[in-house]
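A short worksheet on the structure shown next.
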Amino acid sequence: MDFEHLPHAAPVPSAARDDALKNPGFGTHFTDHMVVIDYDAEKGGWHRATLGPREPITLDPAAAVLHYAQEIFEGMKAYKQQDDGLALFRPEQNARRFNDSARRMAMPELPEELFLESIRQLVAKDRNWVPTLPGGALYLRPFMFASEAFLGVRPARQYKFILIASPVGNYFKSGAPAVKIWVSRNYTRAAPGGTGAAKTGGNYAASLVPQAEAIEQGCDQVVFLDAVEKKWIEELGGMNLFFVFDDGSVITPPLTGTILPGITRDSLITLLREEGLNVREEPYSIDQWRADATEGDLLETMACGTAAVVTPVGTVAGPDGEFTIGSGGPGQVTTKIRDKLVAIQKGAAEDTHGWVMQL
Ligand SMILES: Cc1ncc(COP(=O)(O)O)c(C=O)c1O
């Protein structure tokens, strides 16, 4: 499909852009352009692609997304390379997960190549929005929603795919070397058979109250337990977890449909195995977590995701009190694996798995 390029009457002046790039924060500044692709079942599906100014969109008040929440999204980064180029990390995995989410939410799939081409087009256009500060990247947010105007519970027949981009620095404002996690006992994130494995807005809306509870308790993030037995550790609001033990084994919760299959998670499983660690995808309970940390069998816990990369969990707090993991700061495995991943993403280490796509 050809992308129609629409003119931009008033891009952000370069001085203001340079200012924004000095300290971009996370998700508060946006580049000048966006991609929009329209879907209409009656017009043969995906039919019009534009690359134009980033601007407000008009929606009919009966647009299905506003009532029945047919919405999915992805999150990925374009990384500045050591040689000054730009690269994506495993973007085809985001394209695939986007379509997995689409199927779960009864939405049309977007051809993988069209997903990737939209990213190439936007990044080429807004290349001067990539921050150069350490840890900085251009965060890409592809999303799709039901735009058809009707009331009634059925899959919509019209959708919009939109891609926007945001220059970002570090995810955690505190820049803390380790995060403190709140164990939610009152709320769960996803039930078996639900939408936990899909990247759909409702999952995140449901996490806001428990996340607010975490903040109230002086924590950075909430960790969810399974919805049935309320004992198995699932994931954080936006990150997967790994537990590192003193016998060289590592556990990460299995993909049973209630957690998001993280691309960082999948990459870490490979990288940790390359380090000779015995990584197992199996259930791990909150009680065992506390016991292993207290007895010293558990050395480290790390959280991982595109936004915050690899972040050590230092302290865990819940209604039954607190416990500390290892020294409460970043452990050796966490630091090593984070550095290894970041080096691959930046083009500073050899990409032996074909994970990096140069732009
Ligand atoms: C709920 C949830 N879990 C895990 C992740 C980590 O996934 P990834 O490594 O693909 O960014 C994310 C972020 O996308 C998320 O939103």
Does at least one position in region 166-177 carry a residue that is in contact (Cβ under 8 Å) with a residue 24 or more places away in the chain, more than 16 Å from the ligand (Cβ to nearest atom), under 25 Å from F98 (Cα atoms) and part of a strand (DSSP E or B)?
yes
Residue match in region 243-253 (condition: more than 14 Å from the ligand (Cβ to nearest atom), charged (D, E, K, R) and at pLDDT 95 or above):
yes
For region 233-242, name all the residues that are within 11 Å of the ligand (Cβ to nearest atom) and either touching a Pro at 6+ places or on another chain (Cβ under 6 Å) or in a strand (DSSP E or B) (or both).
E234, E235, L236, N240, L241
Checking T195 against (1) closer than 28 Å to G329 by Cα; (2) under 21 Å from the mean Cα position of the chain (by Cα), which test does it fail?
(1)
Among the residues of region 44-86, how many are free of Cβ contacts under 8 Å to residues at least 40 places away in the same chain, surrounded by 14 or more Cβ atoms within 10 Å (Cβ to Cβ) and polar (S, T, N, Q)?
0
Tell me whether region 232-253 contains one or more residues that are without any contact (Cβ under 8 Å) to a residue 40 or more places away in the chain and under 30 Å from A102 (Cβ atoms).
yes
Can you report the number of residues in region 182-224 which are away from the ligand (no atom under 14 Å from the Cβ), more than 30 Å from A64 (Cβ to Cβ) and not acidic (D, E)?
9
Kindly indicate whether L138 is in contact with a Pro (Cβ under 9 Å, 6 or more places away or on another chain), under 25 Å from Q358 (Cβ atoms), within 16 Å of the ligand (Cβ to nearest atom) and modelled with pLDDT of 95 or more.
yes
Can you tell which of Y159, Y139 is within 30 Å of P312 (Cα to Cα) and not in a loop (DSSP other than H, G, I, E, B)?
Y139
For region 87-115, how many residues are closer than 27 Å to P24 by Cβ and surrounded by fewer than 17 Cβ atoms within 10 Å (Cβ to Cβ)?
1
Does A308 satisfy being within 11 Å of the ligand (Cβ to nearest atom) and at pLDDT below 95?
yes
The residue from A95, A16, A106 that alone is more than 16 Å from the ligand (Cβ to nearest atom) and in a helix (DSSP H, G or I) is A16
Quick one: which strands (runs of 3 or more DSSP E) lie wholly within region 270-359 and hold at least 1 residues that are assigned by TED's automatic domain parsing to the domain that holds P253 and of a type in the set (V, I, T)?
278-281, 298-305, 309-318, 321-324
Out of the residues in region 126-135 that are on the phi < 0 side of the Ramachandran plot and assigned to a loop (DSSP other than H, G, I, E, B), which is modelled with the highest pLDDT?
D126
Selection from region 260-314 of residues under 19 Å from T335 (Cα atoms) and of a type in the set (D, E) yields D266, E274, E275, D297, E300
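The values are calculated or read from the model by the stated rules, or taken from the named source; none is laboratory data. The structure presented is a predicted model; accordingly, all values stated were derived computationally and were not measured. Quick reminder, even Gly has a Cβ in these numbers, built from the backbone with ideal geometry, and neighbours come from all protein chains shown.
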